Structure formats: C-alpha cells, structure tokens
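Novice: This structure is in structure tokens; I'll ask about it shortly.
The values are calculated or read from the model by the stated rules, or taken from the named source; none is laboratory data. Every value quoted in this text rests on a predicted model; they were computed, and no experiment measured them. Here Cβ is always computed from backbone atoms with ideal geometry, including for glycine, and neighbour counts include all displayed protein chains. In case anyone asks, the SASA skips ligands and DNA or RNA and just uses the protein heavy atoms, side chains included. Shrake-Rupley method; radii C 1.70, N 1.55, O 1.52, S 1.80 Å.
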Amino acid sequence: MKRRAWYWLLIAPFVATLWPPFYNHADPALYGLPFFYWYQLLWVVLTSLLLWFVLLMTRERTDV
Amino acid sequence: MSSGTIIFLILVVGVTVMGFLASGWGKANLQQFDEWALGGRRFGTLVSWFLLGGDLYTAYTFIAVPALIYGAGALGFFAVPYATIAYPVVFIVLARFWTVAKKRGYITSADFVRDRYGDRALEVAIAVTGVIAALPYIALQLIGMKTVFSQIGGAFGAGGGFVALGVAFVVLAAYTYTSGLRAPAMIAFVKDALIYITVIAAIAVIPAALGGWGHVFASVQAALAARPAVAGAAPAGILLSPGMYFAYATMAFGSCLSLFIYPHSITSLLAAKSRFVIQRNAALLPSYSLLLGFLALLGFCAIAAGIATKDPNAIVPLLFAKYFPDWFAGVANAAIVIGALVPAAIMAIGAANLLASNVFKEFSAQRPPGETRIAKMLTLVVCACALVFVVELPVQYAITLQLLGGAWMLQIFPAFALGLYTRWFHPTALLLGWCAGMLTGSGMAYATFLASGKFAPVFPMQLGSLKLVGFIALYALIANLAVAALATFAFNAANASKGIDGTTAQDYAV
C-alpha cells in the first residue's frame with residue numbers, strides 16, 4: 001500500500017485556501033477580478049487536477 | 001400569462017412527470033429497500049456525477065451564497081474554498097466508507113456506527129443528528145423556491161409564495177414516495193443542464209453589461225463603503241478585514257468536514273456502483289464549484305447593477321429579470337426551483353432512511369418490505385417538519401440555516417469519520433462527546449440569538465486578550481473531541497468493555 005503515500009499531496013489545497021492572509025489582496029487583478037477571487041477559483045481547478053493525478057497514481061488494476 | 005411564466009411551468013411540470021416515470025427506470029422492484037433508497041447501487045460515473053452535482057449544489061449555491069456576498073461582501077466567498085477542499089475528503093474518507101458499506105450492506109452512516117461499536121444508543125444519536133441537521137438544509141431549499149415564486153408573482157406569489165410552495169412540496173413528496181432515489185437521479189440531468197446554461201449565460205452577459213469585472217468591483221467598493229456601519233459587525237468589503245480571517249477559514253473548514261456526513265450526501269455516494277466511481281467523481285465535481293464561485297460573484301453584480309431589495313435572497317432572480325428577455329428569465333427561475341427540488345428530495349430520502357433503519361427499527365439483515373414502506377411515509381413527515389423552519393426562524397441570511405445545521409451534523413464526525421480509521425474511542429465516550437458537542441453548538445447559537453435577536457453562525461471566543469470569531473460547528477467539535485478523548489482514557493483506566501466490533505480490517509480493504 002505504498003501508493004497511498006500520494007494521498008499526502010492532497011494537503012496542498014487545505015494549506016493554500018485556509019490561510020486568508022496569504023491571498024487577501026486585490027493585486028494582481030485578472031480580467032478585473034481581484035487576486036482574492038481568481039486565486040481561490042484557480043484552486044478549484046488545481047484541486048481537480050491534483051485529484052485526477054492522485055487517482056491515476058493510486059488506481060488499482062481491478063478498478064472500474 | 002407571460003412567456004417566462006409559461007416556460008417556467010412547462011419545465012417544472014415536465015420534470016415532475018419525469019419524477020413519476022423514474023419508477024420504471026431499470027425495471028426494479030421498488031419494494032426492496034436498496035432499490036428504492038439507493039437506486040440498487042448501480043449508478044456509474046455519469047449518473048453519479050449528475051446525481052451528486054444535483055444533490056450538493058442546491059439553493060445554497062443559487063440563492064444563499066450570492067445573498068451573503070450581496071450583504072456581507074468577501075466573507076461570503078468562503079463557500080468557494082469549502083467547495084474545493086471538500087473533494088479531497090470525499091476522495092479519501094468517503095471512498096473508504098463506500099468500501100465497507102458495500103461489503104457490510106449499510107444504507108446509512110448510523111448502520112456503520114452500530115456495526116462498528118455495537119452500541120444501540122450511539123446509533124440512535126447518530127441517526128437523530130442526521131435527521132435534525134437535514135431539516136434546516138431542506139428549509140433552505142424551500143426558501144429558495146419561495147423566493148422564486150414570489151418573484152414570478154401572479155398566482156405563484158399568492159400568500160408570499162407559500163401557496164405555490166405548498167403545491168411544490170406535495171408534488172415533491174409524491175414522486176419521492178413513488179420512485180425513491182431514481183426520481184432525483186433522473187431529474188438531475190435536466191436540472192444540471194439548465195443550471196449550466198443559465199450560469200454560463202449570466203457570466204457572459206451580466207458583467208459585460210456592467211462594464212466588465214474591473215468596473216463591477218470598483219462600483220461595489222464604493223457602494224459598500226457608503227453603506228451605514230452596523231454596530232458590532234465588521235464592515236463589508238471586497239476583501240476580508242483581518243478580524244474576519246478566522247471566521248472565513250473556520251466556516252470553510254467546518255463546512256467541508258460536515259458536507260459529506262449529511263444523510264443526503266451519504267445516500268447519493270452509496271448509490272455509486274464502485275469506489276472508483278466515487279473517486280473519479282471527486283475529481284470531476286469541482287466543475288460545479290466553479291459555477292458556485294461565479295454565482296457567488298453575481299452577488300457583487302447585483303450591487304453594481306444598483307439592485308436594491310429588502311430580501312437579499314431575491315437578487316439572482318432579480319438580475320435575470322433585469323438583464324435577460326422574459327422567456328430566459330423563466331428558464332433561470334425553473335433552474336432554481338428544480339435545483340432546489342432535487343436536493344430536497346434526496347435529503348428527505350436520506351433522513352427517512354435514518355429514521356426507518358436506525359431509530360424505529362432494530363437492524364435486520366433482510367430489510368423486509370415493511371421497512372421500505374415506513375421510510376416512504378417518513379419522507380412525507382420530514383418534508384413537513386422542514387416547513388416549520390421556513391415559516392419563522394430569525395436569521396439574517398438563509399445560509400445561516402445550513403451553517404447551524406452543520407454545527408449539529410459535525411458532531412457525528414468522531415464516531416463516523418474517525419471511526420472509519422480507528423476503534424480507539426470507547427462508544428460511551430463518543431456518546432458523551434456527542435452530547436458535549438450538541439450542547440456547545442446549540443448553546444453558542446442561542447447566545448448569538450440573545451446578543452442580537454438573530455441566530456448567527458459564528459461565535460466570538462475570548463481567549464485571554466485574543467478574541468477569535470469562529471464557526472460554531474468547529475468550537476463544538478473541539479468540545480466533542482476533548483470529552484470523547486478524556487472519557488475514553490477514563491474508561492480504559494477502569495478496564496471497561498469496549499463493546500463488539502462487527503467489522504474486520506478486511507472490510508475496509510480495497
């Protein structure tokens with residue numbers, strides 16, 4: 001079950017989104033959206049990609 | 001009747017018919033509990049994606065979050081990190097639960113707790129928590145529907161929307177009774193298609209009509225700065241004030257931990273045909289969270305568009321009425337109402353499952369037809385109870401209903417979620433911890449009511465000179481865990497029996 005080690009990657013979204021001082025500013029804006037907003041929306045996408053990656057790395061042959 | 005109202009009626013009546021027809025889907029015997037309650041555990045990735053999307057993204061997404069942004073500014077955006085970090089939890093914890101539930105034939109979270117701890121009192125506590133926490137969440141759906149009905153006006157607006165709400169409610173109960181989980185699963189296809197169409201249209205049209213996002217945020221900043229200050233409340237802005245950091249993070253984290261222990265989430269997850277389907281959906285479902293994020297931003301668009309209303313819940317329907325032709329506003333209104341009906345049906349089924357399997361009846365491996373009948377009747381009772389919450393509960397924002405329901409829901413986390421990993425806690429200690437958590441959560445919520453005349457989701461905790469305004473659910477969970485741990489040490493010291501664990505390590509293995 002060494003492959004479960006990949007699960008630790010999933011801590012990243014928690015660290016990135018649960019510490020507001022990290023992203024609570026307006027600049028740099030993207031298409032007029034303050035950083036606060038597009039940064040958190042970006043993490044929605046990154047988390048999805050991260051989950052796909054972990055799924056690929058931990059997938060069992062028998063999974064359907 | 002306007003074209004918008006006609007389109008609205010066609011769509012809503014159409015999905016109702018689908019709801020009844022769903023009973024014929026897959027030629028199942030709906031007298032069997034598994035078939036009625038979990039769609040026979042046969043849903044693949046696609047059906048599960050629609051069902052879970054239809055289940056988790058509700059009037060909370062379309063009505064309550066935009067309303068909070070409109071009223072409280074950046075603070076309302078906590079729903080986005082919440083809807084992000086919830087998925088790693090599903091991926092790891094709920095996939096594990098699916099595995100053991102499949103092997104041991106569980107229908108509910110309380111089934112697992114009974115099997116794991118061999119403790120009937122704990123099982124009932126877990127089940128009751130799920131039911132009472134589902135009520136304010138269903139109430140939130142009813143508020144969403146009521147808002148749209150009074151917005152459409154005419155016959156729909158009669159009695160402040162309550163008459164139409166009564167009709168919707170009877171219809172919902174009727175097809176849920178007939179078709180079980182298949183009804184919301186089938187309707188979810190239509191619902192999600194409508195939601196994607198309306199949200200994409202809104203994002204393409206509304207910010208552009210307001211001169212682009214840069215302009216929207218500039219005018220929001222000016223408008224929020226001009227609002228009269230409310231005593232005791234942090235001023236709303238397009239960024240958080242440092243005093244809000246803790247509330248923001250704890251609301252996101254607490255909501256994330258509670259989301260997937262709600263009975264409706266469990267019901268939809270257990271309907272998946274494999275563990276892999278759940279993990280794949282954990283990676284695919286964040287696409288809905290993007291929708292949630294953009295819908296949240298519509299709260300700012302409403303401010304920039306100069307929409308002034310006493311009922312912040314109405315801003316999304318008002319925006320559609322202002323920027324779209326009448327027929328399309330009808331589509332959007334139908335999307336919101338159907339988007340509330342689907343989860344309300346699943347929540348009612350989930351709560352009824354808990355009552356039927358874990359409160360009113362001792363476990364039986366056979367699950368005779370009588371149990372299905374009881375569960376069916378109970379969905380009606382659950383829906384009726386939720387109406388009580390709508391009629392008069394003093395909250396400033398509808399989202400508070402969900403957040404305070406979450407404060408109750410989270411109290412099963414130690415027994416259920418931690419129980420999936422460890423049997424270290426003593427069952428009676430878990431029950432004591434649960435009591436401590438429920439009392440702390442309810443007490444803090446009541447204290448906010450005494451202080452301001454309205455229930456609030458956050459409580460100002462004074463730690464020496466440090467004042468931490470945080471989500472009540474997490475404070476209550478800390479009390480819960482502390483009591484459960486201390487009591488476990490005490491029981492261990494007294495050499496008390498830990499009860500029988502019906503599961504083996506093999507049951508959790510992939």
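Novice: Tell me, which residue of segment B:265-274 that is under 11 Å from B:Arg41 (Cα atoms) and part of a helix (DSSP H, G or I) is nearest to the other protein chains (Cβ to nearest Cβ)?
Specialist: So the residue we want is B:Leu269.
Novice: Follow-up. Return only the number of the condition from (1) within 19 Å of B:Phe246 (Cα to Cα); (2) open to solvent by 50 Å² or more (accessible area, probe 1.4 Å); (3) in a helix (DSSP H, G or I) that B:Cys435 does not satisfy.
Specialist: Exception for B:Cys435: condition (1).
Novice: In segment A:31-47, which residues are more than 18 Å from B:Ile203 (Cβ to Cβ), open to solvent by 20 Å² or more (accessible area, probe 1.4 Å) and within 7 Å of chain B (Cβ to nearest Cβ)?
Specialist: A:Trp43
Novice: Of all the residues that make up segment B:34-67, how many are crowded, with 24+ Cβ neighbours inside 10 Å and farther than 15 Å from B:Ala345 by Cβ?
Specialist: Residues meeting the conditions: 10.
Novice: B:Val89 versus (1) away from chain A (no Cβ under 14 Å); (2) open to solvent by 20 Å² or more (accessible area, probe 1.4 Å): which is the lone unmet condition?
Specialist: Result: B:Val89 fails condition (1) only.
Novice: Condition first: at the interface with another protein chain (Cβ under 9 Å from one of its Cβ atoms) and either under 25 Å from B:Ala208 (Cβ atoms) or surrounded by 15 or more Cβ atoms within 10 Å (Cβ to Cβ) (or both). Now tell me which residues in segment A:13-30 satisfy that.
Specialist: A:Pro13, A:Phe14, A:Ala16, A:Thr17, A:Leu18, A:Pro20, A:Asn24, A:Ala26, A:Ala29, A:Leu30
Novice: While we're on this one: Can you tell me how many residues in segment A:9-48 are farther than 22 Å from B:Ala282 by Cα and out of contact with any Asp or Glu (no Cβ under 7 Å at 6 or more places or on another chain)?
Specialist: 18
Novice: B:Leu450 - would you say it is open to solvent by 50 Å² or more (accessible area, probe 1.4 Å) and more than 14 Å from B:Phe413 (Cα to Cα)?
Specialist: yes
Novice: Which of the residues that make up segment B:485-495 are more than 32 Å from the chain's Cα centre (by Cα) and either surrounded by 15 or more Cβ atoms within 10 Å (Cβ to Cβ) or closer than 26 Å to B:Gly105 by Cβ (or both)?
Specialist: If we filter segment B:485-495 for residues that are more than 32 Å from the chain's Cα centre (by Cα), which is where we start, we get B:489-495.
Once the filter is applied, which keeps residues that are more than 32 Å from the chain's Cα centre (by Cα) and either surrounded by 15 or more Cβ atoms within 10 Å (Cβ to Cβ) or closer than 26 Å to B:Gly105 by Cβ (or both), segment B:485-495 yields only B:Phe491.
Novice: Out of all the residues in segment B:244-264, which are facing chain A (nearest Cβ under 7 Å) and either among the acidic types (Asp, Glu) or open to solvent by 10 Å² or more (accessible area, probe 1.4 Å) (or both)?
Specialist: Of all residues in segment B:244-264, those facing chain A (nearest Cβ under 7 Å) come to B:245, B:248-249, B:252-253.
Result: B:Tyr245, B:Ala249, B:Phe253.
Novice: If I filter segment B:299-306 for residues that are free of Cβ contacts under 8 Å to residues at least 40 places away in the same chain, farther than 23 Å from B:Gly154 by Cβ and away from every other protein chain (no Cβ under 14 Å), do I get at least one hit? Don't jump to the end; show me each part of the working.
Specialist: Restricting attention to segment B:299-306, the residues satisfying the condition of being free of Cβ contacts under 8 Å to residues at least 40 places away in the same chain are B:306.
The next check asks that each one be farther than 23 Å from B:Gly154 by Cβ; those that pass are B:306.
Adding the requirement that they be away from every other protein chain (no Cβ under 14 Å) leaves B:306.
The answer is yes; a qualifying residue exists.
Novice: If you don't mind, another one. Kindly indicate the residue of segment B:275-286 that is more than 7 Å from every other protein chain (Cβ to nearest Cβ) and out of contact with any strand residue (DSSP E or B) (no Cβ under 9 Å at 6 or more places or on another chain) and also farthest from B:Ala202 (Cα to Cα) among those meeting that condition.
Specialist: B:Arg275
Novice: Follow-up question, since we're still on this one. When B:Arg423 is evaluated against the numbered criteria (1) in a helix (DSSP H, G or I); (2) closer than 30 Å to B:Ala484 by Cβ, which criterion, by number, is the only one it fails?
Specialist: Looking at each condition in turn, B:Arg423 falls short on (1).
Novice: Return yes or no: is B:Thr5 modelled with pLDDT of 85 or more, of a type outside the set (Lys, Arg), buried (at least 21 other Cβ atoms within 10 Å of the Cβ) and in a helix (DSSP H, G or I)?
Specialist: no
Novice: Just the residues that are part of a helix (DSSP H, G or I) and modelled with pLDDT under 90, please, taken from segment B:232-258. Working first, answer last.
Specialist: Start the filter on segment B:232-258 by keeping residues that are part of a helix (DSSP H, G or I), which leaves B:242-258.
Within segment B:232-258, B:Pro242, B:Gly243, B:Met244 meet the criteria.
Novice: Then there's this: Output the number of residues of segment B:96-122 satisfying the condition of being crowded, with 21+ Cβ neighbours inside 10 Å and within 22 Å of the chain's Cα centre (by Cα).
Specialist: So the answer is 11.
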